[in-house]
1. Hey, among the residues in segment 77-121 that are over 28 Å from VAL24 (Cα atoms) and among the β-branched types (Val, Ile, Thr), which one's nearest to the chain's Cα centre (by Cα)?
2. Would segment 57-70 turn up any residue that is of a type in the set (D, E, K, R), modelled with pLDDT under 95 and either part of a loop (DSSP other than H, G, I, E, B) or open to solvent by less than 50 Å² (accessible area, probe 1.4 Å) (or both)?
3. From the set of residues in segment 2-22 that are open to solvent by 30 Å² or more (accessible area, probe 1.4 Å) and part of a strand (DSSP E or B), which is farthest from PHE66 (Cα to Cα)?
4. Which ones in segment 109-121 are of a type in the set (Gly, Ala, Ser) and either open to solvent by 60 Å² or more (accessible area, probe 1.4 Å) or in a loop (DSSP other than H, G, I, E, B) (or both)?
5. Quick check on this structure: which one of THR151, THR146, THR83, THR88 is over 30 Å from HIS171 (Cβ atoms) and either without any contact (Cβ under 8 Å) to a residue 60 or more places away in the chain or surrounded by fewer than 12 Cβ atoms within 10 Å (Cβ to Cβ) (or both)?
6. Evaluate segment 99-108: report whether one residue or more is surrounded by fewer than 16 Cβ atoms within 10 Å (Cβ to Cβ) and more than 25 Å from ALA159 (Cβ to Cβ).
7. With the structure loaded, tell me whether ALA120 is in contact with a Lys or Arg (Cβ under 6 Å, 6 or more places away or on another chain), among the small types (Gly, Ala, Ser) and modelled with pLDDT under 95 or whether it fails that test.
8. Inside segment 122-136, can you point out the residues that are in a loop (DSSP other than H, G, I, E, B), among the aliphatic types (A, V, I, L, M) and surrounded by 18 or more Cβ atoms within 10 Å (Cβ to Cβ)?
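The values are calculated or read from the model by the stated rules, or taken from the named source; none is laboratory data. Quick caveat, the model's predicted, so the values are computed rather than measured. Cβ: placed from backbone, ideal geometry, glycine included. Neighbour counts: every protein chain shown. The protein model used for the area step is the full one, side chains on, heavy atoms only, and it has no ligands, DNA or RNA in it. Shrake-Rupley method; radii C 1.70, N 1.55, O 1.52, S 1.80 Å.
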Amino acid sequence: LAITTQPSNVVSGAPITPAVGVAVRDEFGNATAATSAVTIAIGTNPSGGTLHGTLTQNAVNGAVAFGDLSIDLTGTGYTLTATTSGLTSATTNAFNVTASAAAAIAIQSGNTQTGTVGAALAPFVVKVTDAGNNAVAGATVTWVGTNGTFTAATTTTAADGTTSNRMTLAHTPG
């Protein structure tokens, strides 16, 4: 087998483009007209992701194009490996899967605090994730307080999707 079209970096859950191409070659590397079943799977799996799509296809004139593949978890250095009976497997070049757009924000800590008027509370921590529950780095979070003032009006999420901010309690009950 030979990989004829390599995958490029992709957003989690989106189709891997271009379609991963595989050629069925004989033991000398020559093209064949084979119609054998070719299966593709994750080779190197840096994040425990799952490969979705049509994972086994019959070759047509010795070629297969896997056009509906996607991976659900972000990670750096994924590879795919193609196999068929009786031939040596072929592995793609490494590629990365990145987070898609922010879809949810969740409180991680700090939401049940009490304190003294005028005092700063411990940090509030939130996490931003995409539709696949992958952490979203670089998302801007806007903070609005009703019973105090946050140190920063906005903060940016780190690589793990989290960001934090401190609130100083208002002098008048709210």
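1. Here the residue is THR98.
2. Within segment 57-70 (the criterion being of a type in the set (D, E, K, R), modelled with pLDDT under 95 and either part of a loop (DSSP other than H, G, I, E, B) or open to solvent by less than 50 Å² (accessible area, probe 1.4 Å) (or both)), the answer is no, since none of the residues qualifies.
3. Ranking the qualifying residues of segment 2-22, first place goes to VAL11.
4. Of everything in segment 109-121, those that are of a type in the set (Gly, Ala, Ser) and either open to solvent by 60 Å² or more (accessible area, probe 1.4 Å) or in a loop (DSSP other than H, G, I, E, B) (or both) turn out to be GLY110, GLY115, GLY118, ALA119, ALA120.
5. Details: THR151 fails: over 30 Å from HIS171 (Cβ atoms); THR146 fails: over 30 Å from HIS171 (Cβ atoms); THR83 fails: either without any contact (Cβ under 8 Å) to a residue 60 or more places away in the chain or surrounded by fewer than 12 Cβ atoms within 10 Å (Cβ to Cβ) (or both).
Sole residue among the options that is over 30 Å from HIS171 (Cβ atoms) and either without any contact (Cβ under 8 Å) to a residue 60 or more places away in the chain or surrounded by fewer than 12 Cβ atoms within 10 Å (Cβ to Cβ) (or both): THR88.
6. For segment 99-108, residues surrounded by fewer than 16 Cβ atoms within 10 Å (Cβ to Cβ) and more than 25 Å from ALA159 (Cβ to Cβ): absent.
7. Values: in contact with a Lys or Arg (Cβ under 6 Å, 6 or more places away or on another chain): yes; among the small types (Gly, Ala, Ser): yes; modelled with pLDDT under 95: yes.
Answer is yes for this residue.
8. Step one: list which residues in segment 122-136 are in a loop (DSSP other than H, G, I, E, B), which gives 122-123, 130-134, 136.
Narrowing further to those that are among the aliphatic types (A, V, I, L, M): 122, 131, 136.
Result: VAL136, single match.
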